[in-house]
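Laboratory data are not the source of any read-out in this text; all were calculated from the coordinates shown. As the structure is a computational prediction, the values presented were derived from the model and not from experiment. Cβ coordinates were reconstructed from backbone atoms using ideal geometry, including for glycine residues, and neighbour counts include every protein chain displayed.
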Amino acid sequence: MNTVKRTCSLLLLSTIACLAVRPADAAVVIQMDEVPSNGSIRLTGSGTINLTDLNFRFNGSVGRFVIPSNATVGFGGFAAGYSGVTAPGSFGADQLFGMSQSSGDAFMVTTDINLGGMLFVPTNYVSKAPLAFTGRIDLQNFSSMGVSNGDQFVWTWGSGENADSVTLKIGTTAIPEPDLSIAMLLSLVVLAMFRWRRTGSTVPLRAPVHIAR
């Protein structure tokens, strides 16, 4: 019985460790949603940025607008501009959609005619510090902006441990499924420990079931 107990405890600790050491998503995600109640578009962004593999270019003011055809999403403010970004290309209408209001940190991703994809963050920004910003575009919807519910567009840069990105999610996007293999292993361990405690007898442990993805 002691052997079973020790085995169950080790498996449980191993499973918890696997869940705990998963890497955190260090990228910025911008969520764009329609607000039918007032006929507007709401944008909410947050996350962190790794500037290591980017090239500083200049400081300047950035606008608060969206230009889908130029892969531009800006929330206004005075910011530092960096090149070295791979932009997704056009993701909608060839039109400037100004924000009626915005708040939070200065931020923009865009495509410069000479420098290519660019990222703008607050001038005193330190890599991996948290960012948060919001904006609203009045009298518009997904159709008028040329985007579709579920679309997703990504600006990327860097490599290896310095790789990072900004992702624009349009409306509802698929939620990644949990890791069922780990969940199944944890369930088996808990069940075995529960049965052992109730019966006080040895419970044979079966190998975890592998679930094909």
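Subtracting the Cα-Cα distance of Ser61 and Gln95 from 0.36 nm times their residue separation leaves 10.2 nm of extension gain.
Segment Thr44..Ser103, full-extension length gain: 20.3 nm, with 0.36 nm per residue of separation and the alpha-carbon distance subtracted. Here the stretch 28-170 has an Rg and Dmax of 14.2, 44 Å, counting Cα atoms alone.
With θ taken as phi - 60° and the Karplus curve 6.51 cos²θ - 1.76 cosθ + 1.60 applied, the whole-hertz 3J(HN,Hα) list for the stretch 75-88 is 10, x, x, 8, 9, 9, x, 10, 9, x, 9, 9, 8, x Hz, x standing for glycine and proline.
Per-residue 3J(HN,Hα) values for the stretch 34-40, derived from phi via the Karplus relation 6.51 cos²θ - 1.76 cosθ + 1.60 with θ = phi - 60°, read 7, 10, x, 4, 10, x, 9 Hz in sequence order (x marks Gly and Pro). Hey, for a label at Ser144 modelled as a point 7 Å past Cα toward Cβ, could you say which residues of the stretch 44-82 have their backbone N under 14 Å away? Residues 66 fall inside that zone. The label point for Asn114 and the one for Thr86, both projected 7 Å from the Cα toward the Cβ, are 2.5 nm apart.
Here the peptides 132-139, 115-122 are ranked by packing, the mean other Cβ count within 10 Å, and the order with the highest first is 115-122, 132-139. Taking amide H as placed 1.01 Å from N in the peptide plane, the amide H of Asp112 sits under 5 Å from that of Gly117, Met118, each at least 5 places away or on another chain.
If each residue of separation counts as 0.36 nm, what is the full-extension length gain between Thr123 and Thr52 once their alpha-carbon separation is subtracted? Spell out each step's value before the answer.
On the way: separation 71, 0.36 × 71 = 25.56 nm, distance 1.51 nm.
Contour length minus Cα-Cα distance gives 24.1 nm.
Around the amide H of Ala132, modelled in the peptide plane, lie the amide H atoms of Asp105, all under 5 Å away and 5 or more residues distant in sequence or on another chain.
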